[in-house]
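The values are calculated or read from the model by the stated rules, or taken from the named source; none is laboratory data. What you see is a predicted model; the values in this text were computed from it and never measured. Quick reminder, even Gly has a Cβ in these numbers, built from the backbone with ideal geometry, and neighbours come from all protein chains shown. These accessible areas exclude ligands, DNA and RNA; they are computed on the full protein's heavy atoms, side chains included. Shrake-Rupley method; radii C 1.70, N 1.55, O 1.52, S 1.80 Å.
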Amino acid sequence: MTRLILDPSFTELFPDARLAVLSVRGIRKSAQLQEAAAEELAALLREANEAAGKYLISDTISENPVPAAWRQAYRKFNAKKGARCSIENLLKRVLHNHPVGSIAPTVDITNAVSLKYAFPVGTENLDAFVGDLHLGIMKGGESFLPIGADKEDPALPGELAYYDEAGVVCRCFNWRDGQRTMVTDDTTAEFIVMECIEPDRVHELELALEELAELMQKYTGAEIIAKTIVSKDNPETEL
């Protein structure tokens, strides 16, 4: 059984962090989604784009509380120039009146939850992991082939990343995914993680996890395999 493990190098750096973890199997392909359900998902995403406006109190993205908190977090480890948290990218689209559009059921669901609650959400092919999945600081040089790239871009020394026995899975928390574990329309088993670094938002994270699980069951027919929150005091879980 594959596990998610928070390394001491992560929990020492972010002792208050909480990660909401959801593992699912039996996901239906998007082509199997009925028209009425597709319309409901589209409406859900539109509502989430609108709801995200409450997190944008400034026209300068870095002055808004959620992106500001994540930019501060990224200063704690070595990161590639320009690396930004995924929720900042989503909120920036809302700020500039370019709402996040529909892509595929699981992507729409995770984007909707991410926007509604302002937490970054990452999704990987659960069956593509080699051994356990870790979150920790890299030594440097660990294998990584980014989505859309044709050559390796190894991890930096001191960079924070999700990794397994075969190399890096996702770099800089949730900044960039790799091809090896990327989710496609043929993926039927997924690992989904939502990250919270703000101690006063843990209850919101719990609500977001519940809604994410409900939506995945309702619209993709997924079976929930694991649903939990990991932290420094509870640093690992089976997936």
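Output the qualifying pairs, or none if there are none: Cβ atoms under 6 angstrom, residues six or more apart or on different chains, first residue in the stretch 15-26 and in contact (Cβ under 8 Å) with a residue 24 or more places away in the chain, second residue open to solvent by 60 Å² or more (accessible area, probe 1.4 Å) and part of a strand (DSSP E or B).
Within 6 Å, the pairs are Leu22/Lys227; Ser23/Ile225; Arg25/Glu223; Arg25/Ile225; Gly26/Glu223.
Of the conditions (1) in contact with a Ser or Thr (Cβ under 9 Å, 6 or more places away or on another chain); (2) within 20 Å of Ala69 (Cα to Cα); (3) open to solvent by less than 30 Å² (accessible area, probe 1.4 Å), Trp175 fails just one. Which one is it?
Going through (1) in contact with a Ser or Thr (Cβ under 9 Å, 6 or more places away or on another chain); (2) within 20 Å of Ala69 (Cα to Cα); (3) open to solvent by less than 30 Å² (accessible area, probe 1.4 Å) one by one, Trp175 breaks only (3).
Among (1) over 28 Å from Arg71 (Cβ atoms); (2) open to solvent by 20 Å² or more (accessible area, probe 1.4 Å), there is one condition Ile197 misses while meeting the rest; what is its number?
Against the list (1) over 28 Å from Arg71 (Cβ atoms); (2) open to solvent by 20 Å² or more (accessible area, probe 1.4 Å), Ile197 comes up short only on (1).
For the stretch 62-70, state whether one or more residues are open to solvent by 30 Å² or more (accessible area, probe 1.4 Å) and over 29 Å from Pro199 (Cβ atoms).
No, the conditions are met nowhere in the stretch 62-70.
Does Pro120 qualify as being of a type outside the set (A, V, I, L, M, F, W, C) and open to solvent by less than 40 Å² (accessible area, probe 1.4 Å)? It would help to see each step written out before you state the result.
On the way: of a type outside the set (A, V, I, L, M, F, W, C): yes; open to solvent by less than 40 Å² (accessible area, probe 1.4 Å): yes.
Criteria met by Pro120.
Out of Val183, Val230, report the one residue that is among the β-branched types (Val, Ile, Thr) and over 27 Å from Leu44 (Cα atoms).
Criteria check complete, one pass: Val230.
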